[in-house]
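Student: Can you read through this structure? Questions will come right after.
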Amino acid sequence: MSSQNNPYAVGESVVGTERIVGEAASAGRRFLTFIVDFLVIRATFFVGEVAYVVVYGPEAYDAATSSAWSSVAFVLLYVLYYFALESIFGRTLGKVLLGTRVVTESGTTPSLSAVLVRTLSRLIPLEPVSFTLADTWWHDSLSKTKVLRVRRAS
């Protein structure tokens, strides 16, 4: 069977090649997006804490929160939130609400490695205010991405 007629033959992927058009999101919109995303992450963590208390009791919760495990769990949730949503959808809940989207510097969908670098660089101390020190956020410059304000099609 020729590869031309073979439905299982390896083909070219078009994922990530479509150019996404929009204007650069303002620093204020991006900071507000960060606040929304942080509140979503914190609310999710709170729900997990309540579930933990229900399952294991208040004494176990006190012991867990007095150790480093609570902080480690929060950081893991933080990383998972950004990596999962930005790699699958190119947007977090905050970005959806405020009409922004992550793209590469050339305007295409970022690769998994770019999203991973973007996500891990968010853990750099003072990164959320890095836009005040330079023209771009550190997680954008390190991952070679940018955030565009995109509008819904009419």
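The values are calculated or read from the model by the stated rules, or taken from the named source; none is laboratory data. Bear in mind the structure is a predicted one, so any value in this text is a computation, not a measurement. Using ideal geometry, Cβ is built from the backbone for each residue, glycine included, and neighbour counts are taken over all protein chains shown. For accessibility, only protein heavy atoms count, side chains too; no ligands or nucleic acids. Shrake-Rupley method; radii C 1.70, N 1.55, O 1.52, S 1.80 Å.
Student: With the other protein chains left in place, how much accessible area per residue, in square angstrom, belongs to segment 45-135 at a 1.4 angstrom probe?
Tutor: 57
Student: Sticking with this one: Can you send over the carbon and sulfur percentage of the accessible area for segment 42-154, probe radius 1.4 Å, protein chains only?
Tutor: Carbon and sulfur atoms account for 69 percent of the accessible area of segment 42-154.
Student: Rounded, prolate or oblate for the chain? Axes are the square roots of the Cα gyration tensor eigenvalues, ordered a ≥ b ≥ c, and the cut-off for rounded is a/c under 1.5.
Tutor: Cα axes put the chain in the oblate bin.
Student: Given springs between every Cα pair under 10 Å in a Gaussian network model of the chain, which of Thr132, Thr108, Thr33 has the largest fluctuation?
Tutor: In the Gaussian network model the winner is Thr132.
Student: Residues of segment 34-78 with backbone nitrogen within less than 12 Å of a virtual label 7 Å along the Cα-to-Cβ line of Leu97, please, listed as ranges.
Tutor: Within reach of a label on Leu97, which here means backbone N under 12 Å from a point 7 Å along Cα→Cβ, segment 34-78 contributes 34-44.
Student: Phe38 versus Ala73, label points 7 Å from Cα toward the beta carbon: distance in nm?
Tutor: 2.2
Student: Right, next: So which trypsin sites (Lys or Arg not before Pro) in segment 70-154 end up in coil per DSSP with only 10 or fewer other C-beta atoms within 10 Å?
Tutor: Sparse-neighbourhood loop trypsin sites (Lys or Arg not before Pro): Arg151, Arg152.
Student: For the chain, what is the calculated [θ] at 222 nm in deg cm²/dmol (nearest 500), taking -39500 (n - 2.57) for each run of four or more DSSP H residues and dividing by its residue count?
Tutor: -16500 deg cm²/dmol
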